[in-house]
Amino acid sequence: MRWFAFILVLAAAGCSDRTAAPIVPDALNFGLNKTVFIGTTRDRNEAGEFGIERSTHLHLLQATVSIPPNRDLGSVSDGFDSPNPKRDFAIAELTQFETTSAFANSLRSEIDNRAVNNREVTVFVHGFNNSFADSAFRMAQLAHDLELPGAHVSYAWPSRGNPLGYEYDRDSALFARDGLAELLESVRAAGRPNLIVVAHSMGSALVMETFRQLEIAQPGWVGENVRGVILMSPDINIDVFRNQFSRIKNVPDPFVVVVSRKDAVLRVSSRLRGQKTQLGNISNAEEVADLPITILDVSEFSDLRSGNHFVAAGSPALIQLLRRSSELDREFLRGRNGSVVLLPWQRRIVTQTNGDTSVVVSGGDR
């Protein structure tokens, strides 16, 4: 009954028009404005917005996202077709590039305006049940709340943006592999910046499939071009993950997998597949201990808004902890080898020792 109730809640959330992505120029006057570059394989709908249909053409854009003032840390408020910039995230400006070189030049300009030690590019790949606007809002929220340096890019693949559209999204994630590969190549064309790939849920499966595809075509591409990888709550079967991972010739360091045993969404996903767990809610890191990855177990933290499915982005306590992780050697983030486990953008402060590392974060939300 608990799972039935949970699915009903998701279905109710899907009653709103989540495909709307209105441009709200007045939002520039409220809150904080963040630049987010976007690659999308969504097609434009009759309203001229990027809807749920699939496009074989990768559209490249630049958005200004307005983050509302006085919001709770970790929260993303979406006004759908009628956003109020005083309380909601909103797209204030949206520009489409005509060519890949124009996109690369604009991204390079954004990177060059940063300090020399602050020129990473984070590419975020969203998960199941997201709209075009969701992907831009979440990238802006992650950049602001986690204090991500450098420039920020979102890949908006054609999710239906509906909790009952799981099968459509699974097909779309497979469809979107070529577009993501093209986007990663386009980002690297902007002066070969340090590239960090962050993915959530089903987006993690899309990233791993894309890595596998790139490695088959160009062995060693991932290790040569990607500095770090973070998979948050990955909705991937463990055997499938192992198969995908085995294709990566040189694994980026760090390669972080964020898991939670309390992830309600992955429990449903596992049961739908007749399995006990997915990679994102494994109960024992020994299941992947032979792989050169870092398991970050955040089970002691909570994000009830997402059913504990996006704790790294939604838990205020964990966000504060990740901001301070370079200071928390003994208290929180100790690896088996005694080194501090840091996310890619923090590694310029303290360098993690190479090798296999499994970490359990403790402390939790109060």
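The values are calculated or read from the model by the stated rules, or taken from the named source; none is laboratory data. Because the structure is a prediction, the values reported are computed rather than measured. Backbone-built Cβ (ideal geometry, glycine too); neighbour counts: all protein chains shown. Ligands, DNA and RNA are stripped out before the accessible areas are found, and what is left, the full protein with its side chains, is counted by its heavy atoms. Shrake-Rupley method; radii C 1.70, N 1.55, O 1.52, S 1.80 Å.
How big is the accessible area of residue 40 in square angstrom, nearest 10, if you roll a 1.4 angstrom probe over the protein chains? Residue 40 has an accessible surface of roughly 0 Å² with all protein chains in place. Split the accessible area of segment 286-326 by element, probe 1.4 Å, and carbon with sulfur accounts for 52%. Taken per residue, the accessible surface of segment 90-187 reaches 34 Å², heavy atoms only and a 1.4 Å probe.
Computed over protein heavy atoms with a 1.4 Å probe, the accessible surface of segment 210-294 works out to 41 Å² per residue.
Inter-part distance, segment 264-328 to segment 48-71, computed on C-alpha centroids, equals 27 Å. Between residue 75 and residue 95, full extension at 0.36 nm per residue minus the direct alpha carbon distance yields a gain of 4.6 nm.
Our note on the geometry: Cα centres of segment 149-211 and segment 79-141, 13 Å apart. Say R0 is 30 Å: what FRET efficiency, to the nearest 0.05, do residue 102 and residue 56 get from their beta-carbon distance? That pair, residue 102 with residue 56, gives E of 0.90. Rolling a 1.4 Å probe over the protein heavy atoms of segment 120-266, with every protein chain left in place, gives an accessible area that is 44 percent carbon and sulfur. Summing Lys and Arg as +1 and Asp and Glu as -1 over all other residues whose Cβ lies under 13 Å from the Cβ of residue 181 gives a net charge of -2. Net charge in the neighbourhood of residue 100 (other residues with Cβ under 11 Å of its Cβ; Lys, Arg +1, Asp, Glu -1) is -3.
Among 141-148, 216-223, the peptide with the highest mean count of other Cβ atoms within 10 Å heads the list, and the full ranking is 141-148, 216-223.
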